[in-house]
Structures are given as structure tokens and as C-alpha cells.
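The values are calculated or read from the model by the stated rules, or taken from the named source; none is laboratory data. Predicted model, so just to flag it, every value in this text is computed and none were measured. A quick note on method: Cβ atoms are made from the backbone with ideal geometry, for glycine too, and the neighbour counts reach across all protein chains shown. For accessibility, only protein heavy atoms count, side chains too; no ligands or nucleic acids. Shrake-Rupley method; radii C 1.70, N 1.55, O 1.52, S 1.80 Å.
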Amino acid sequence: MAKHIVIVEDDRDQRDNYQFALEQRGYRVTVYAGKDQAEVGLKQQRPDLVILDIIMDDNIDAGFQLCAALLKIHPDLPVLFLTERVGEIDRILGLRMGAWDYQPKPVSLDFLAEKVATLIRLSDIRVVTAETDDQKIRNIGHLQLLEESRQAKWRNQEIVGITLTEFRMIEALTRRPGNILTYDTLAQATHQHYVSNNTISTHIRNIKRKVKKIDAQFDAIKSEYGMGYRWSDN
């Protein structure tokens, strides 16, 4: 079955050119002219890859907003930004959001087709790896927990140095996103006989420090003063 590519681009000529080039390569292509239309359509089905412009109509951040919305629904969705916004801050923001690549306009149609083919191959490799891996994998937003090997990943990068105790605490927090886990509950999750509140807080600080080496904006673990901690979906 042909891979399904979605293009979100407000410039009609560019949109038509991209669509023609990719259909010539055998892809099934759906196009949208704006953020709102695309968001409605993409909630109904997950394509194999999305190409996003950032500036659409009068909204200079439309592509960023759409990307954030899509990755909440499909966390592993390959997103390629194709845009005239080429500043380093924009590139960093796009990649931190979870985009797989960020390309400036103008772009040759041959290059775009090759870039899409490369990202599709990478996506297929990830799917095969996940399907053939015996261990159970949990995905919570940008977080991935590999439960058998006790590994954790954030935005597809391994969180280096996570201890077994820290892994168990992350696992407990993400079982009930948005709910407060008391110090006692987190202590029980560590499977240790006695763990003080200060020790729990130290583990949480260590977790945050390790994830922030990947993403300096990480803020998913919220402190509830005197009570415990919770994992925030936002």
C-alpha cells in the first residue's frame, strides 16, 4: 500500500508542486491549505508523514501550533517542517517540539522527495524494531518507557543514567497523569523499606536534571507543596 503523505501549505503553487512531485514517486498525498482544516482531517487518521509550513495566512506560528496538537494525538508521527522561517531559534524550537527534520524554503522537488523517502525509511525501521522487540513499551506523550530493560527515552533520545529507583518513580507518576502521587505512594513505588520525603525529592531532582540534558524546557513533573508530585500532560 502506498505511503500516505499530508502537506499543509497555504501557498497554492507550492502546495501543488509538492503534491505532484510526491505523487510521481508513488505516494498517496493529501493537501490542506490551512491549520484548522488540517487539524480536523488529521484527527481522523494518522498519515505516514506530515509536511508543515509554519507561517500560514495571518498566523506566523500556525505550523508550530499544529505540530504540537498533532504530536499529542500521534506522538510518533514523523513531521517535516518546510518553511521560510530559517532562524536558529525557530529550528531549535521545531526540533524540540518533536519534528523529525526542519528544511528551509526554497527547496528543489527532487531534494524534497529524497528527504521524504529517508524519513519514511527511518519510520519503517522504528516500527519494525518495536514490533520485534519482546519488551513492553509504554508511550506517554514525548516519554517512552521500555519496561523490561528499564530504559526511558524522551523525544526519542535515551535518558542517560536513569537508575532503577528513578525508573520506578517515573513509571508510577505516568500511570496516573495529572493526579498527585503522595510521598508515601512514591516511596512504595521504589520497592524500598524506608524512603524519606527528602530522598524522594532528591530522586525527582535527579530525574529532571537527566531529562533536561535532552530538553532544557522539560517541565512535566510538577511539585505539589507538602503533598507529593504529579505528571503533567501539558
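Whole-Hz Karplus values for region 88-105 come out as 4, 4, 5, 4, 4, 4, x, 6, 5, 5, x, 5, 7, 7, 9, 10, x, 8 Hz, taken residue by residue from phi with 6.51 cos²θ - 1.76 cosθ + 1.60 and θ = phi - 60°; glycine and proline positions read x. Within the full protein context, the accessible area of HIS191 is estimated at about 130 Å² for a probe radius of 1.4 Å. What the Cα atoms of region 1-55 give is an Rg and a Dmax of 10.6, 32 Å. Principal semi-axes of the equivalent ellipsoid, √(5λ) from the alpha carbon gyration tensor of region 140-187, are 19, 13, 8 Å from largest down.
Accessible surface area normalised per residue over the chain is 54 Å², counting heavy atoms of protein chains with a 1.4 Å rolling probe. Expressed as a whole percentage, what fraction of the accessible surface of region 60-195 belongs to carbon and sulfur atoms when a 1.4 Å probe is rolled over the protein heavy atoms? Carbon and sulfur together cover 51 percent of it.
Couplings 3J(HN,Hα) for region 146-156, derived from phi with the Karplus relation 6.51 cos²θ - 1.76 cosθ + 1.60 (θ = phi - 60°), are 9, 6, 6, 8, 6, 10, 10, 10, 10, 6, 6 Hz, where x marks Gly and Pro.
Taking the average, over residues, of other Cβ atoms within 10 Å as the packing measure, peptides 149-155, 100-106 rank 149-155, 100-106 from highest down.
I need the Kirkwood Rh of the chain: take the reciprocal of the average 1/r across all distinct C-alpha pairs and report it in angstrom.
Details: mean 1/r = 0.0513 Å⁻¹.
Mean inverse Cα-Cα distance, inverted, gives 19.5 Å.
So which of LYS115/LYS222; LYS136/LYS213; LYS105/LYS213; LYS72/LYS210; LYS43/LYS208; LYS72/LYS222 end up more than 27 Å apart by C-alpha? All intermediate terms of the calculation are to be shown ahead of the outcome.
Details: LYS115/LYS222 38 Å; LYS136/LYS213 25 Å; LYS105/LYS213 30 Å; LYS72/LYS210 23 Å; LYS43/LYS208 31 Å; LYS72/LYS222 19 Å.
Distance filter (> 27 Å) returns LYS115/LYS222; LYS105/LYS213; LYS43/LYS208.
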